[in-house]
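Notes to accompany the following structure.
The values are calculated or read from the model by the stated rules, or taken from the named source; none is laboratory data. Note that the coordinates shown come from a computational prediction; the quantities given were computed from them, not determined experimentally. Cβ: placed from backbone, ideal geometry, glycine included. Neighbour counts: every protein chain shown. Note: accessible area is taken over every heavy atom of the protein model, side chains too, but ligands, DNA and RNA are not part of it. Shrake-Rupley method; radii C 1.70, N 1.55, O 1.52, S 1.80 Å.
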Amino acid sequence: MITFFIGDSLTLGCGDETGLGWPGRLASAMMHGGQDLTWYNLGVRANTTAKIRERWQEEVTRRFLPGQNTRLVFSFGVADISNDVPAKSSFDNAEAILSKAKELGPTLFIGPMPVADPAKTTGIVQLSLGFESVCERLGVPHVPVTGFLRESDAYTAALAANDKVHPAAKGYATLAEYLVQTHAVREFLGLE
């Protein structure tokens, strides 16, 4: 299986002193589960949905192997809030990205993560709800994470331990542990 994790700095794992982020932890769970896996972290710091829309397909195509079981996992949105991207633009970009991704292989969307700033987190929650609507319309599995992470003392502490946007390692571990417990992620990544 080839799995691509595509998104912004939170996909990249900025702030994680182990270098794994949540994608590395999911890849590890897949390999421990017996998957023959090649995985790529295509997270880029400060990438808004517009920037991801411009770059993702070329980056995936360069690494794509025809005939392989290919999975695409996207997570984005926090950079849009940080850069005051209008919500409609974010939703339009998400629809364009996810529509095209489905043509290459099964696609999953992980909702954006909360930050320590309450006002920005309110915007992230609204963005997540809009992304959920886009995903439902397209038939793309979607895992919202803001509710769980806002209630998580470990995630909140990990944000405070770093730069208040990117959690320290414990925050990424908390997110990954949550994700691997969801039916959508387990089914999508072959962990069932």
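In the range 67-78, the residues that are open to solvent by less than 50 Å² (accessible area, probe 1.4 Å) form Cβ pairs under 7 Å with partners that are among the acidic types (Asp, Glu), at six or more places apart or across chains, as follows: Phe76/Asp8; Val78/Asp8.
Criterion first (closer than 24 Å to Tyr178 by Cα, touching a Ser or Thr at 6+ places or on another chain (Cβ under 7 Å), modelled with pLDDT of 95 or more and surrounded by fewer than 19 Cβ atoms within 10 Å (Cβ to Cβ)) does Arg45 satisfy it? Judged against the criteria, Arg45 is a match. Scoring Lys170 on the criteria (1) of a type in the set (D, E, K, R); (2) part of a helix (DSSP H, G or I); (3) in contact (Cβ under 8 Å) with a residue 24 or more places away in the chain leaves a single failure, condition (3). Going by the structure shown, is Lys100 closer than 19 Å to Gly7 by Cα and open to solvent by 60 Å² or more (accessible area, probe 1.4 Å)? So Lys100 passes the test.
Of the residues making up the range 150-161, at least one is closer than 23 Å to Leu191 by Cβ, free of Cβ contacts under 8 Å to residues at least 60 places away in the same chain, open to solvent by 10 Å² or more (accessible area, probe 1.4 Å) and more than 14 Å from the chain's Cα centre (by Cα).
Every residue, every condition in (1) among the aromatic types (Phe, Trp, Tyr); (2) within 18 Å of Gly190 (Cβ to Cβ); (3) modelled with pLDDT of 95 or more, yes or no:
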| site | (1), (2), (3) |
| --- | --- |
| Arg53 | no, no, yes |
| Trp56 | yes, no, yes |
| Arg71 | no, yes, yes |
| Asp84 | no, no, yes |
| Ile97 | no, no, yes |
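Comparison of Gly7, Gly15 shows that the only residue that is open to solvent by less than 10 Å² (accessible area, probe 1.4 Å) and within 29 Å of Asn162 (Cα to Cα) is Gly7. Among the candidates Asp80, Asp8, the residue that is under 23 Å from Tyr155 (Cβ atoms), among the charged types (D, E, K, R) and under 12 Å from the mean Cα position of the chain (by Cα) is uniquely Asp8. Right, Pro112: touching a residue at least 60 places away in the same chain (Cβ under 8 Å) and not hydrophobic (A, V, I, L, M, F, W, C) or not? The answer is yes for Pro112. Restricting Pro86, Pro106 to residues that are surrounded by fewer than 21 Cβ atoms within 10 Å (Cβ to Cβ) and in contact (Cβ under 8 Å) with a residue 60 or more places away in the chain narrows the list to Pro106. Across the range 19-40, not a single residue is classified as among the aliphatic types (A, V, I, L, M), under 12 Å from the mean Cα position of the chain (by Cα), modelled with pLDDT of 95 or more and open to solvent by 20 Å² or more (accessible area, probe 1.4 Å).
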